[in-house]
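Below is one structure, written out as structure tokens; the observations come after it.
The values are calculated or read from the model by the stated rules, or taken from the named source; none is laboratory data. Since the structure is predicted, the reported quantities are computational estimates derived from the model, not experimental observations. Cβ placement follows ideal geometry from the backbone for every residue including glycine, while neighbour counts extend to all protein chains displayed.
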Amino acid sequence: MKTPQSGPDADGTSDVDAGTARKILASDDVLALVELVDGERESVRSRCVDPFEPDPDDRPVPLEVPRFWAGLMLLETGELLGTMSWRPVPHIVTVAGIGWNQGFYMLPGVRGRGLSSRAGLLLARHLFATTEMDRIQAVTDPENTPARRGLEGAGFRLEGLVRGIERRGGQSRDLLSYSLLRSDLESIDGEREVLAQRDGVVLARARPGDGRAVASASDRAFALDQDGRMSPEAPRATSRAAVLDAATGSLLGLVSWHAVGHGTTFGCAAWNIEADVVPDARGRGVGTTAQRLLVEHLFATTDVDRVESGVDVDDEAGRRALEKAGFRRDGVIRGARLRGGQRRDMALYGILRTDLHEPNTVASQGMV
């Protein structure tokens, strides 16, 4: 996936935008995939200065791979925002073993408008609706933070690191691989899959945009400093669930979980969870219920015996929510988090599978 930098003629339009009749391939209420006019793809490409562009390679490719192109247009104005492409990638030589690889060039004036995730999801819907392939993938540089956020916002899941797949600056580079399956899209478009529910709170599979909606509503009192660098522990697969109001279906927050290891065997693995509840839902036990529901769901659906969570030592509400959910404080990890330009201590809490059945847990107090 290409994410251009600002450069000459960065006005976000092409020479043939105005008054050009285009065939629309697919659209939502904001964007449209359209057929390109001759020379338009080259015009868009010439305006995009890509710091992650691979080195030129004129060696003949030992296989012929077709590549398809479309323009990305803003419906309201007819403005051309960039180009999108897709090509088949065979993993196994059957239709079931072939997926689409997607990518796009966005004109410099388009950056920062939050459209890349919408564009990626629009192309995915188009490909699943018009072809029999069940998988769409995309690769991007680990340092390409905007591309990674765009893919994750469109519902793509991080699969892992593809070693040495690209040469850039004369060096072999690794790329991150993301994917979206037809079944993922069906779950996005259909009713939410409910994971667990109790006391007016529902945990359901998250949809693209849930994270952005919760983040925009948050007061970010204990938000970590933004850092686009790839963590040395990455890539890791993070799962998310939406926290919903059982009565209204409104989005109250988001919980996430990923695996961590305290040794090299499965028995040393744990789930690390986080919860973010919108300010309007605080003070009525939503965070506590959501985290307890997630703990029970993870213990019921996996063999991992420990769930843990870290919270800023100054976050009294966050600590209370974990304790009410049955977590026990394990200790303090000094300088674990960067917030406000300073290293902050983190309180680490844990809950074991065996804790669920002990008489002093929240479960015995009627929460389960």
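Taken together, Ala147, Ala154 contain a single residue that is more than 23 Å from Thr94 (Cβ to Cβ), touching a helix residue (DSSP H, G or I) at 6+ places or on another chain (Cβ under 7 Å) and among the hydrophobic types (A, V, I, L, M, F, W, C), which is Ala154. Counting residues in segment 276-283 that are at pLDDT below 95 and either crowded, with 22+ Cβ neighbours inside 10 Å or not assigned by TED's automatic domain parsing to the domain that holds Leu352 (or both) gives one or more. If the condition is being free of Cβ contacts under 8 Å to residues at least 24 places away in the same chain and not basic (Lys, Arg), then segment 263-288 contributes Gly263, Thr264, Thr265, Cys268, Gly283.
List the strands (runs of 3 or more DSSP E) inside segment 99-193, counting only whole elements, that have at least 2 residues being free of Cβ contacts under 8 Å to residues at least 24 places away in the same chain and touching a strand residue (DSSP E or B) at 6+ places or on another chain (Cβ under 7 Å). Give the derivation first.
Working: elements: 135-140, 157-168, 171-181.
In segment 99-193, 157-168 are the strands (runs of 3 or more DSSP E) which contain 2 or more residues that are free of Cβ contacts under 8 Å to residues at least 24 places away in the same chain and touching a strand residue (DSSP E or B) at 6+ places or on another chain (Cβ under 7 Å).
Report, by residue number, each residue of segment 88-110 that is over 22 Å from the mean Cα position of the chain (by Cα) and not β-branched (Val, Ile, Thr). Within segment 88-110, Pro88, Pro90, His91, Ala96, Gly97, Leu107, Pro108, Gly109 qualify. Summed over segment 289-330, residues that are of a type in the set (Ser, Thr, Tyr) and either at pLDDT below 95 or surrounded by fewer than 17 Cβ atoms within 10 Å (Cβ to Cβ) (or both) total 2.
Conditions tested, residue by residue: (1) crowded, with 16+ Cβ neighbours inside 10 Å; (2) over 25 Å from Leu107 (Cα atoms); (3) assigned by TED's automatic domain parsing to the domain that holds Asp58.
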residue	(1), (2), (3)
Pro142	yes, no, yes
Pro146	yes, no, yes
Arg149	yes, no, yes
Gly160	no, yes, yes
Arg167	no, no, yes
Gln171	no, yes, yes
Tyr178	yes, no, yes
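Screening segment 185-197 for residues that are closer than 23 Å to Ile98 by Cα and surrounded by 19 or more Cβ atoms within 10 Å (Cβ to Cβ) and picking the one that is modelled with the lowest pLDDT gives Ile188. Among the residues examined, Ile351 qualifies as among the hydrophobic types (A, V, I, L, M, F, W, C), surrounded by 18 or more Cβ atoms within 10 Å (Cβ to Cβ) and touching a residue at least 40 places away in the same chain (Cβ under 8 Å).
Against the definition (assigned by TED's automatic domain parsing to the domain that holds Pro146 and either part of a loop (DSSP other than H, G, I, E, B) or more than 22 Å from the chain's Cα centre (by Cα) (or both)), how does Leu72 come out, yes or no?
Details: assigned by TED's automatic domain parsing to the domain that holds Pro146: yes; either part of a loop (DSSP other than H, G, I, E, B) or more than 22 Å from the chain's Cα centre (by Cα) (or both): no.
No.
Please go through segment 54-67 and pick out each residue that is within 26 Å of the chain's Cα centre (by Cα) and either surrounded by fewer than 13 Cβ atoms within 10 Å (Cβ to Cβ) or part of a helix (DSSP H, G or I) (or both). Even if it seems obvious, please write down each step before you answer.
Kept after step one, since they are within 26 Å of the chain's Cα centre (by Cα), are these residues of segment 54-67: 54, 67.
Arg67 - this is the single residue of segment 54-67 that is within 26 Å of the chain's Cα centre (by Cα) and either surrounded by fewer than 13 Cβ atoms within 10 Å (Cβ to Cβ) or part of a helix (DSSP H, G or I) (or both).
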